[in-house]
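Below is one structure, written out as structure tokens; the observations come after it.
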Amino acid sequence: MSEILDRFIVFEGLDGAGTTTQMKELAEAFDKAQIPCHATFEPTGSPIGSLVREYLRKEKVTTPLALAMLFAADREDHLHRPITGIIDQLSQHRVVVSDRYLYSSLAYQSIDCGFDVVQSLNNFPEPGFIIYLDTPVEDCLYRIDGRPNTNGRELFERQEFLNRVRDNYEVIFSQLHDSIVMLRIDGTLPKELIHAKVIELMRTHSLL
Ligand code: TYD
């Protein structure tokens, strides 16, 4: 079993599930409570993450395995880079909140590459908390199509693909280690109510 990072909180969900909004709201709640917090996301803003986003926007084409490797390289950098990396931030006694982590690779890249291959690329420490925004595929696609200033759908934003991602998340979350706290929240609830449930979880575990 890999190491568990207690004060590392990860949001997961389909494209359009609302993870970005909820990650930011939680980071703000920590700021307001004057609890040191580092808010972050994957794919990251690093050169590797930026390259990944070019593939997601379909400006470049590669193989599923090369893309899975790039997601993993971005994650390795995200964890271990000096100062702004997750490990350094945690060791400076900050709570780290991330919009997506390795469960996204397990759910998305496994479809084309197979679970074992993706898992072997992602032998990284696990977070203490996973908050899964469970949103039906139809709602996600409706939200994605309604976003202003985007150039159409990205690589994985297709109904059949997202249905399979959702099934994969179920399998992954049914096999989590006991010491990881996983909270599933209905992603169709009003965003204030979702935030309230996240805050309640943080209070229950004395992080807030
Ligand atoms: P994200 O930026 O969260 O999407 P958006 O902000 O447009 O909702 O994620 C980008 C896409 O990358 C999304 O389709 C999920 C996918 N992804 C993977 O396939 N594997 C991964 O490891 C990660 C982190 C993201």
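Tallying residues that are touching a residue at least 24 places away in the same chain (Cβ under 8 Å) and surrounded by 12 or more Cβ atoms within 10 Å (Cβ to Cβ) within segment 143-160 yields 6. Against the conditions (1) more than 16 Å from the ligand (Cβ to nearest atom); (2) surrounded by 15 or more Cβ atoms within 10 Å (Cβ to Cβ); (3) without any contact (Cβ under 8 Å) to a residue 24 or more places away in the chain, residue 51 satisfies every one except (1). Using the structure shown, decide if residue 163 is surrounded by fewer than 16 Cβ atoms within 10 Å (Cβ to Cβ), touching a residue at least 24 places away in the same chain (Cβ under 8 Å) and not in a loop (DSSP other than H, G, I, E, B). In short, yes.
How many residues, within segment 1-48, are charged (D, E, K, R), assigned to a loop (DSSP other than H, G, I, E, B) and more than 12 Å from the ligand (Cβ to nearest atom)?
From segment 1-48, those charged (D, E, K, R) are 3, 6-7, 12, 15, 24-25, 28, 31-32, 42; that's our starting set.
Keeping just the survivors that are assigned to a loop (DSSP other than H, G, I, E, B) gives 3, 15, 42.
Filter again for more than 12 Å from the ligand (Cβ to nearest atom), leaving 3.
So the count comes out to 1.
Looking at 98, 120, can you tell me which residue is free of Cβ contacts under 8 Å to residues at least 24 places away in the same chain and either surrounded by 15 or more Cβ atoms within 10 Å (Cβ to Cβ) or not in a loop (DSSP other than H, G, I, E, B) (or both)? It would help to see each step written out before you state the result.
On the way: 98 fails: free of Cβ contacts under 8 Å to residues at least 24 places away in the same chain.
Criteria check complete, one pass: 120.
Report whether or not residue 73 is within 13 Å of the ligand (Cβ to nearest atom) and either hydrophobic (A, V, I, L, M, F, W, C) or on the phi < 0 side of the Ramachandran plot (or both). Judged against the criteria, residue 73 is a match. Within the option set 47, 43, being farther than 18 Å from residue 10 by Cβ and not β-branched (Val, Ile, Thr) holds for one residue only, 47. Would you mind stating whether residue 80 is loosely packed, with under 14 Cβ neighbours inside 10 Å, closer than 18 Å to residue 126 by Cα and either within 13 Å of the ligand (Cβ to nearest atom) or not basic (Lys, Arg) (or both)? For residue 80, the condition - loosely packed, with under 14 Cβ neighbours inside 10 Å, closer than 18 Å to residue 126 by Cα and either within 13 Å of the ligand (Cβ to nearest atom) or not basic (Lys, Arg) (or both) - is met.
Please specify each residue of segment 170-197 satisfying the condition of being surrounded by 11 or more Cβ atoms within 10 Å (Cβ to Cβ) and not in a helix (DSSP H, G or I). Passing the criteria: 176, 180, 181, 182, 183, 184, 185, 186, 187, 188, 189.
Quick note: the coordinates plus some simple rules give every number you see, no bench work behind them. All values reported here derive from a predicted model rather than from experimental measurement. Methodologically, a virtual Cβ is constructed for each residue, glycine included, from the backbone with ideal geometry; neighbour enumeration extends over all protein chains shown.
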